[in-house]
Each structure stands twice: as C-alpha cells, then as structure tokens.
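Student: Let me begin by handing over the structure; questions about it come next.
The values are calculated or read from the model by the stated rules, or taken from the named source; none is laboratory data. Given the structure is predicted, the values throughout are model-derived calculations rather than measurements. In this analysis, Cβ positions are derived from the backbone assuming ideal geometry, glycine residues included, and neighbour counts consider all displayed protein chains.
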Amino acid sequence: MACVFCRIAGGEIPAEVIAREDGATAFLDVTPLADGHVLVIPNVHVGRVEDLEPDTAAALFRAVHRIVGPIRAAVGAEGTTIGINDGAATGQTVPHVHVHVVPRRTGDGAGSVHSIFPHGTRQELASVARAIRSQLERA
Ligand code: 5GP
Ligand code: ZN
C-alpha cells in the first residue's frame, strides 16, 4: 500500500491541500506546530533528499518559494522556519520527503535551527570540509 503522503498527493485520502503544482503538493500538517504549518512534498515517493531527481528537487523548492509568502500573509506571521527531517535519526516519521513550512512570530517560544543542537562540535573545520569535498568529487 502506498505511503500516506503518496495517497495525499494522489488525492486518495483527504488533506487540506493548499497547492497542487507540477511535481509537488502542499497541504496543512494535521498536527500543526503553528497556524499555517504546511508540508510540501514531491508527488513521487522518494524517502531521502539525496534521492530526489534534480527536476523533482527543483519543483519542490519552487513550490516552497511560491507559497511561503502567501502562508505568512494568511496567518499574519513575521517569519518562517523551513526545515526537513531527513532520515530516521533526525526524527523523520513519514519516509516520503517533506518540507515543513512553519510560520513564526517574535516571542512564539520556539528556537532557531541552532536550538536543535545543544552541544555543537569542536572538530576542525578544515578537516571536515576536506572530507566533504572528497565525497563530492566521488559523487
Ligand atoms: P516528520 O516528523 O516526518 O518530519 O513529520 C511528519 C509530519 O507529517 C508530522 O508533522 C505529522 O503531523 C504529519 N502527518 C503525518 N500523517 C499525516 C496525515 O495523514 N495528514 C497530514 N496532513 N499530516 C500528517
Ligand atoms: Zn510516499
């Protein structure tokens, strides 16, 4: 059986859909973190960001780009936290790529992306950058 987000993209189960675009669908999160909390998904089932086809990745961010301003205006928010839980270790619960678009207000009590990581890291930047560049060369 298709995953829940595939079924929403296909119109098989109900959701508060706000936009159906070529390649992507945006709908309200059923348990919103704030009014106007929207999920944007690729219409095809892909579990991880790195496995998106480039055209699908572009369609996904094009949809985010198109809806972020209207969402903010609709709920009278000042800003937006935009994030992806990518992989089970991050807390991803639905294994179909989805972008959280969460409207924010000064003093709403939520933190920045930095607040997710209380300890940070002391690894030397140059060696981390070298390792990533080396992986990129192989990709
Ligand atoms: P994750 O933790 O995987 O990044 O977030 C999954 C999100 O999907 C959660 O915020 C959850 O509320 C939302 N969600 C899960 N099932 C459904 C559903 O059937 N309909 C809608 N609209 N949202 C869902
Ligand atoms: Zn799916």
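Student: One residue is enough: does region 6-15 have a residue meeting the conditions β-branched (V, I, T), without any contact (Cβ under 8 Å) to a residue 12 or more places away in the chain and farther than 27 Å from D108 by Cβ?
Tutor: Yes, region 6-15 contains a residue that is β-branched (V, I, T), without any contact (Cβ under 8 Å) to a residue 12 or more places away in the chain and farther than 27 Å from D108 by Cβ.
Yes/no per residue for (1) within 15 Å of L28 (Cα to Cα); (2) touching a residue at least 60 places away in the same chain (Cβ under 8 Å); (3) touching a Cys at 6+ places or on another chain (Cβ under 8 Å):
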position	(1), (2), (3)
V49	no, no, no
A57	no, no, no
A63	yes, no, no
V75	yes, no, no
H100	yes, yes, no
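Student: What single numbered condition from (1) β-branched (V, I, T); (2) within 12 Å of V99 (Cβ to Cβ); (3) more than 15 Å from ligand 1 (Cβ to nearest atom) fails to hold for V40?
Tutor: V40 satisfies every listed condition except (3).
Student: So, one more: Residue by residue through region 19-44, note down the ones that are away from ligand 2 (no atom under 16 Å from the Cβ), closer than 30 Å to T106 by Cβ and either modelled with pLDDT under 95 or hydrophobic (A, V, I, L, M, F, W, C) (or both).
Tutor: Of everything in region 19-44, those that are away from ligand 2 (no atom under 16 Å from the Cβ), closer than 30 Å to T106 by Cβ and either modelled with pLDDT under 95 or hydrophobic (A, V, I, L, M, F, W, C) (or both) turn out to be A19, L28, L33, A34, V38.
Student: Shifting gears a bit: Does T56 satisfy the criteria of being of a type in the set (S, T, Y), within 16 Å of ligand 1 (Cβ to nearest atom) and more than 13 Å from the chain's Cα centre (by Cα)?
Tutor: no
Student: Suppose we keep only residues that are over 12 Å from the mean Cα position of the chain (by Cα) and not charged (D, E, K, R) within region 96-106. Which one would you say is nearest to ligand 1 (Cβ to nearest atom)?
Tutor: Only one residue tops the list, namely P103.
Student: Which residues, counting only those in region 65-103, are away from ligand 2 (no atom under 16 Å from the Cβ), charged (D, E, K, R) and over 20 Å from E16 (Cβ atoms)?
Tutor: Passing the criteria: only E78.
Here's the yes/no breakdown for (1) farther than 22 Å from E50 by Cα; (2) at pLDDT 95 or above; (3) not in a strand (DSSP E or B):
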{"position": "T93", "(1), (2), (3)": "no, yes, yes"}
{"position": "V97", "(1), (2), (3)": "no, yes, yes"}
{"position": "H100", "(1), (2), (3)": "no, yes, no"}
{"position": "P103", "(1), (2), (3)": "yes, yes, no"}
{"position": "T106", "(1), (2), (3)": "yes, yes, yes"}
{"position": "A126", "(1), (2), (3)": "yes, yes, yes"}
{"position": "A131", "(1), (2), (3)": "no, yes, yes"}
{"position": "S134", "(1), (2), (3)": "no, yes, yes"}
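Student: Take region 1-29 and flag every residue that is more than 10 Å from ligand 1 (Cβ to nearest atom), under 22 Å from I82 (Cβ atoms) and not polar (S, T, N, Q).
Tutor: Once the filter is applied, which keeps residues that are more than 10 Å from ligand 1 (Cβ to nearest atom), under 22 Å from I82 (Cβ atoms) and not polar (S, T, N, Q), region 1-29 yields A9, I18, A19, R20, E21, D22, G23, A24, A26.
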